[in-house]
Amino acid sequence: EENRKLRKRNMEASLTARDRVGIQDFVLLDAYTSETAFLDNLKKRFHENLIYTYIGTLLVSVNPYKELDNYSKKQMDTYMGVNFFELPPHIYALADNVFRTMLSEFNNHFILISGESGAGKTEASKKILQYYAVSCPSTRLLNNIRDRLLLSNPVLEAFGNAKTLKNDNSSRFGKYMDIQFDHQGGAVGGHILSYLLEKSRVVHQNHGERNFHIFYQLVDGGEDDLLRWLGLQRNCQHYSYLVQVWDCAKVSSINDKSDWRTVRKALSVIEFSESDIEHLFGIIASVLHLGNIKFEADVRGYATLDNNQEMHWVSKLLGIPAQVLQQGLTHRKIEAKTEEVLSPFSVDHAVYARDALAKAIYGRTFNWLVNKVNESLANKDSSRKTVIGLLDIYGFEVFNVNSFEQFCINYCNEKLQQLFIRLTLKSEQEEYEMEGIEWEPVPYFNNKIICDLVEEKYRGIISLLDEECLRPGEATDLTFLEKMEEKIGGHPHFVTHKLADQKTRKTLDRGDFRLLHYAGEVTYCVVGFLDKNNDLLYRNGKEVMRQSKNAIIRHCFPSTEPDSKRRPETVVTQFKSSLVGLTEILMSKEPWYVRCIKPNEAKQPGRFDDVLVRHQVKYLGLMEHLRVRRAGFAYRRKYEIFLQRYKPLCPDTWPNWKGTAAEGVRCLIKHLGYKSNEYKMGRTKIFIRHPRTLFATEDAFQVCKHKLATRIQAKYKGYRVKGDYLKQKEAATRIETCWRGLMARKEREKRSWAVKVIKKFIKGFMTRNQPACSENTEYLAYVRQNYLTRLKENLPKTVLEKDSWLTPPPIMQEVSKLLKQIYIRLMVKKYVRGITPQRKAQLLLKLQTSSMFKGKKENYPFSVCRPFLDTRISIEDINIKVLQMILHEQYSVPVVKYDRNGFRPRLRQLIFSLEAAYLVEEAKIKQRIDYSFLKGVSVSNLSDNFLILHVTCDDTKKKGDLVLQCDYLFEALTKLCVIANKQNCFKVVQGSIRFDIQPGREGFVDFKSGQESIVYRAKNGHLTVESTRTKSR
């Protein structure tokens, strides 16, 4: 993000990027007389979030309607102490330039911030104040003044700003603030002047607008105890002065609760006492209660009060007896010769008197507030101070309905425009004369004719308005309009419905008049002009206020105030006088300008309304100012600055110029080929007439700058690399010398040590068989260690590898034998501990098998690796009827049974229970052999799977011995041995086995080895079993 900002800044600083982001100074615009070119440049910059543009030293600011990230402390530091045109346009650049000019020239300055409502004037004023708060020297005293200056803004905004149709935080008064600085630039004080507070807003607001912020802040944000003490409810709908436009009490962009906390904090910092704060909020609440007082007509048509509760709160908060207050609101005091008579009001007059009192209370309280802030900012040191003034004043206003307030505001803008053109022309002319350049008169629109129309003595609109207000008889707004038609009807900038031509008359009502201001036409509705200009407060209203116990009210309505029978000055006359005073103040100071522009009426970011902006450019006089600045020369710079920037373009001035700056510039522009009509040489500055001349110079500089940068980089890099190389070379030589010496010494020590070790080793080897002595001790120790190390790496992994023990040297024979025994025991112990119960049972069975057949039967070794199972036939594969007849089935296995007569093979199941063995054919038990009748079991010594079960058979009806073939021979016989507990009845026979077919009748099974396994009946009637010979494992 930081890199992106830097790239944008560089891009804008370079005139080569002007086509994309626009030109940062309108003075350099080629088509400077074209409004379209002006707007196009403004729009380009606006869409690039570049909201600031210069016209010379005037700053044009376009409200972005969104938060931008170019107001940080880092940004302030960037602009601090930098030449005005060195960095992109910014309000900080203007503020810093004013500040440094004030310090260097020790004179007074002012910054005029103007623009229409919503253009960002108040925000611009805040940014300037924040910049001075950061950039000025800091001490404890100065910090206090700084904090008060900053926090005076939210207080005055709360009491003097309101939501209007065009702006949610519109200043409804003009403000001029002087910031006083000491000789070191520290802010040591300040003073504020306010102009024309819109008091009528207290009692009336247009549709879509609000009353002053402080009322809503108090109702929404005030603490419960405070509201209870003030008699207020937390609902704006309960107060007549706040609900004329009920849907505007809440505004999304305004947080009244947060603003209330800010105001409370600010009042404390500005050193308002608790008593002052209490009285101040009491007055604000009393205005709300006053607005709720209602009047009714009695039988004679006179006004009477019908809301004793609201009267009670006004009486309490202002400290005025209720009876006195009631009389002041319903009666008027009239002097008749030597006595005073109370004349009762009608209801309409009573409402007028109530509203006039509310406006007077609020208006005078606002003036007290400004004076109180000034007391807090007052500079106690009487030594001379320099001043920077900030004038944040209402901009030109054109509404659908324009009334007395808009007339005053636009008159103020006419006066400021007159002052603006006069000061601009004056400063231009002075600069030309100072530099010895011939001044050429500049054509411009002089709005003196409009100012005279408004303020001329006896004939101006102000004089006619005052005359109509003060004359006896029935004066009305329409009689005032008629008088204007009579006196100034022929003026080219004034027209009414009566005076207009047929076409214009359609756009005017009968009660309207139209003035052609410098900024364009404005139609004013004459209704209310007289009342607002009179702003009368009946005398007995003042007398009632003087009886108040509220300290602020007593101060605002002093008893020393003369009760002259002469009518006080009208509002417009007071305003005219204050403008004269303001003009005198501004004429005594050096001017600087900020022109604020609103890009659209909808307050949407990124939207640029060409028609609206064109209108503002016109009435802000920006084109006039540009024409004045461009009348002679578009660009002027001090010789030193111009030479410092562009000297690389000429070989004679680069890199250093020996002579004066003026001579260097003359040499430079001669090399660049400037024509004589394109420039003038002043006493301290060069003046360039056309922007294209500067652009060509700047573009050439951009190209040259990159070439120079490349050359400088190359030279510098070569210098740095060469220096680094020489340093590294010297360092490498030293390191090599030291390293070689170190390595040589180490090598000598190693060789010396190696000779000693080899000698000892040889002697030890030669005496290895002799008793231990000094010559062979180390060798024997080496032999022991070597053997033990090799043994550690070659230990048997299992018990079965115990014969792979490493052969020891003679000296380690005894130790090796002992270690072997220990290690084997350890392996056996580990093996035994790792055997599970299931594994143990398996091994016991294998052990039993081994004792029966090891070394006796040829194929026994192949059975060792085959694990025994609990059974070979699952219970689902045994017929349910058989299971019901056989209890406690322990083991079952498939077998092939050979008939006793004929030896025909038949598939059967052999099942062992706890009591007997069963030969089963599907659901039928073919033979049951009780273990008590089992005489023995015979098998051959060959690799066949035959077994003969010998049964005790005394009865000829009983079946004889069984001849079976079983694939799991060793498993089945081991299970039988364990279940029947017949360890000694198993015989391994070589050759033939005799068996009883039945008592007195016998048969034979002959066993022999052959090429293949085969079973057949021999010619001799014997069952012959041939089996292949297996290789011993």
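Please go through (1) part of a helix (DSSP H, G or I); (2) over 59 Å from the mean Cα position of the chain (by Cα) for GLY473 and return the number of the only condition it doesn't satisfy.
Tallying (1) part of a helix (DSSP H, G or I); (2) over 59 Å from the mean Cα position of the chain (by Cα), GLY473 fails exactly one: (1).
Can you find even one residue in segment 712-724 that is on the phi < 0 side of the Ramachandran plot, surrounded by 11 or more Cβ atoms within 10 Å (Cβ to Cβ), in contact (Cβ under 8 Å) with a residue 24 or more places away in the chain and assigned to a helix (DSSP H, G or I)? Please lay out each step first, then the result.
Of all residues in segment 712-724, those on the phi < 0 side of the Ramachandran plot come to 712-724.
Add one more test, that the residue is surrounded by 11 or more Cβ atoms within 10 Å (Cβ to Cβ), and what stays is 712.
Now drop any that are not in contact (Cβ under 8 Å) with a residue 24 or more places away in the chain, which leaves none.
Checking segment 712-724: not a single residue is on the phi < 0 side of the Ramachandran plot, surrounded by 11 or more Cβ atoms within 10 Å (Cβ to Cβ), in contact (Cβ under 8 Å) with a residue 24 or more places away in the chain and assigned to a helix (DSSP H, G or I).
Please list, ordered by residue number, the strands (runs of 3 or more DSSP E) wholly in segment 291-399 having 1 or more residues that are open to solvent by 70 Å² or more (accessible area, probe 1.4 Å) and either β-branched (Val, Ile, Thr) or under 23 Å from VAL203 (Cβ atoms) (or both). If you could, list the steps in order and put the result at the bottom.
Values: elements: 295-297, 303-305, 331-336, 339-344, 386-392.
Once the strands (runs of 3 or more DSSP E) in segment 291-399 are filtered for at least 1 residues that are open to solvent by 70 Å² or more (accessible area, probe 1.4 Å) and either β-branched (Val, Ile, Thr) or under 23 Å from VAL203 (Cβ atoms) (or both), what remains is 295-297, 331-336.
If a residue must be within 30 Å of LEU626 (Cβ to Cβ) and over 43 Å from the mean Cα position of the chain (by Cα), how many such residues does segment 693-726 contain?
Let us first name the residues in segment 693-726 that are within 30 Å of LEU626 (Cβ to Cβ), namely 693-703, 705.
Imposing the further condition that a residue be over 43 Å from the mean Cα position of the chain (by Cα) reduces the set to 693.
The total comes to 1.
Name the single residue that is nearest to ARG833 (Cα to Cα) among those in segment 769-804 being aliphatic (A, V, I, L, M) and assigned to a helix (DSSP H, G or I). Walk me through it before giving the result.
As a first pass, look at segment 769-804 and keep what is aliphatic (A, V, I, L, M): 772, 780-781, 783, 788, 791, 795, 799-800.
Right, trim to assigned to a helix (DSSP H, G or I) and you get 780-781, 783, 788, 791, 799-800.
Numbers: LEU780: 38, ALA781: 37, VAL783: 36, LEU788: 27, LEU791: 25, VAL799: 14, LEU800: 17 Å.
Result: VAL799.
Quick check: is even one residue across segment 190-197 at pLDDT 85 or above, buried (at least 20 other Cβ atoms within 10 Å of the Cβ), outside any loop (DSSP other than H, G, I, E, B) and under 37 Å from the mean Cα position of the chain (by Cα)?
Yes, segment 190-197 contains at least one residue that is at pLDDT 85 or above, buried (at least 20 other Cβ atoms within 10 Å of the Cβ), outside any loop (DSSP other than H, G, I, E, B) and under 37 Å from the mean Cα position of the chain (by Cα).
Taking the stated definitions as given, is SER851 in contact with a helix residue (DSSP H, G or I) (Cβ under 7 Å, 6 or more places away or on another chain) and either at pLDDT below 90 or surrounded by 14 or more Cβ atoms within 10 Å (Cβ to Cβ) (or both)?
When the stated conditions are applied, SER851 does not pass them.
Would you say PHE903 is aromatic (Phe, Trp, Tyr), buried (at least 22 other Cβ atoms within 10 Å of the Cβ) and not in a strand (DSSP E or B)? Before you say what the answer is, go through the steps one by one.
Values: aromatic (Phe, Trp, Tyr): yes; buried (at least 22 other Cβ atoms within 10 Å of the Cβ): no; not in a strand (DSSP E or B): yes.
So PHE903 fails the test.
Only one of these is assigned to a loop (DSSP other than H, G, I, E, B), open to solvent by 30 Å² or more (accessible area, probe 1.4 Å) and of a type in the set (A, V, I, L, M, F, W, C): LEU478, LEU499. Name it.
On the way: LEU478 fails: assigned to a loop (DSSP other than H, G, I, E, B).
Just one listed residue meets the conditions, LEU499.
Let me confirm something: among GLU521, GLU584, which residue is surrounded by fewer than 16 Cβ atoms within 10 Å (Cβ to Cβ) and in a strand (DSSP E or B)?
GLU521
For segment 48-62, check the following and say yes or no: at least one residue is without any contact (Cβ under 8 Å) to a residue 40 or more places away in the chain and of a type in the set (Asp, Glu).
The answer is no, given that none of the residues of segment 48-62 is without any contact (Cβ under 8 Å) to a residue 40 or more places away in the chain and of a type in the set (Asp, Glu).
Looking at (1) under 30 Å from GLY56 (Cα atoms); (2) open to solvent by 30 Å² or more (accessible area, probe 1.4 Å), which is the one condition that is false for GLU428?
Result: GLU428 fails condition (2) only.
From (1) under 22 Å from VAL202 (Cα atoms); (2) open to solvent by 60 Å² or more (accessible area, probe 1.4 Å); (3) touching a residue at least 60 places away in the same chain (Cβ under 8 Å), pick out the condition that doesn't hold for HIS279.
Result: HIS279 passes all but (2).
Among the residues of segment 815-822, is any open to solvent by less than 100 Å² (accessible area, probe 1.4 Å) and modelled with pLDDT under 85?
no
Name the residue, out of ARG539, ARG514, ARG554, that is modelled with pLDDT under 85 and open to solvent by 20 Å² or more (accessible area, probe 1.4 Å). Let's see the steps before the verdict.
Numbers: ARG514 fails: modelled with pLDDT under 85; ARG554 fails: modelled with pLDDT under 85.
Unique residue meeting the criteria: ARG539.
Condition check: more than 30 Å from MET827 (Cβ to Cβ) and loosely packed, with under 10 Cβ neighbours inside 10 Å. Does ASN769 satisfy that? Don't jump to the end; show me each part of the working.
Values: more than 30 Å from MET827 (Cβ to Cβ): yes; loosely packed, with under 10 Cβ neighbours inside 10 Å: yes.
The answer is yes for ASN769.
Can you name every residue in segment 325-348 that is under 21 Å from ASN292 (Cα atoms) and either of a type in the set (Phe, Trp, Tyr) or more than 59 Å from the chain's Cα centre (by Cα) (or both)? Write out each step before concluding.
Of segment 325-348, the ones under 21 Å from ASN292 (Cα atoms) are 325-332, 344-348.
If the condition is that a residue be under 21 Å from ASN292 (Cα atoms) and either of a type in the set (Phe, Trp, Tyr) or more than 59 Å from the chain's Cα centre (by Cα) (or both), then GLN327, THR330, HIS331, ARG332, PRO344, PHE345, SER346 are the ones that fit.
Of these, GLU467, GLU485, GLU455, which one is among the acidic types (Asp, Glu) and open to solvent by 80 Å² or more (accessible area, probe 1.4 Å)? Walk me through it before giving the result.
Details: GLU485 fails: open to solvent by 80 Å² or more (accessible area, probe 1.4 Å); GLU455 fails: open to solvent by 80 Å² or more (accessible area, probe 1.4 Å).
When all the criteria are applied, what remains is GLU467.
Specify which of the listed residues (LEU129, LEU151) is open to solvent by 20 Å² or more (accessible area, probe 1.4 Å) and under 16 Å from ILE192 (Cα atoms).
Numbers: LEU129 fails: open to solvent by 20 Å² or more (accessible area, probe 1.4 Å).
When all the criteria are applied, what remains is LEU151.
Can you pull out every residue in segment 557-577 that is of a type in the set (Ser, Thr, Tyr) and modelled with pLDDT of 85 or more?
Just the residues of segment 557-577 that are of a type in the set (Ser, Thr, Tyr), to begin with: 559-560, 564, 570, 573, 577.
Result: THR573, SER577.
Mind checking whether some residue in segment 349-358 is basic (Lys, Arg) and either under 47 Å from the mean Cα position of the chain (by Cα) or over 28 Å from LYS163 (Cα atoms) (or both)? Before you say what the answer is, go through the steps one by one.
If we filter segment 349-358 for residues that are basic (Lys, Arg), which is where we start, we get 354.
Then drop every residue that is not either under 47 Å from the mean Cα position of the chain (by Cα) or over 28 Å from LYS163 (Cα atoms) (or both), which leaves none.
Within segment 349-358 (the criterion being basic (Lys, Arg) and either under 47 Å from the mean Cα position of the chain (by Cα) or over 28 Å from LYS163 (Cα atoms) (or both)), the answer is no, since none of the residues qualifies.
Among the residues of segment 1004-1024, count how many are open to solvent by less than 60 Å² (accessible area, probe 1.4 Å) and of a type in the set (S, T, N, Q).
2
The values are calculated or read from the model by the stated rules, or taken from the named source; none is laboratory data. Everything numeric in this text was worked out from a predicted model, so none of it was measured. We place every Cβ from the backbone using ideal geometry, glycine too, and count neighbours over all the protein chains shown. Note: accessible area is taken over every heavy atom of the protein model, side chains too, but ligands, DNA and RNA are not part of it. Shrake-Rupley method; radii C 1.70, N 1.55, O 1.52, S 1.80 Å.
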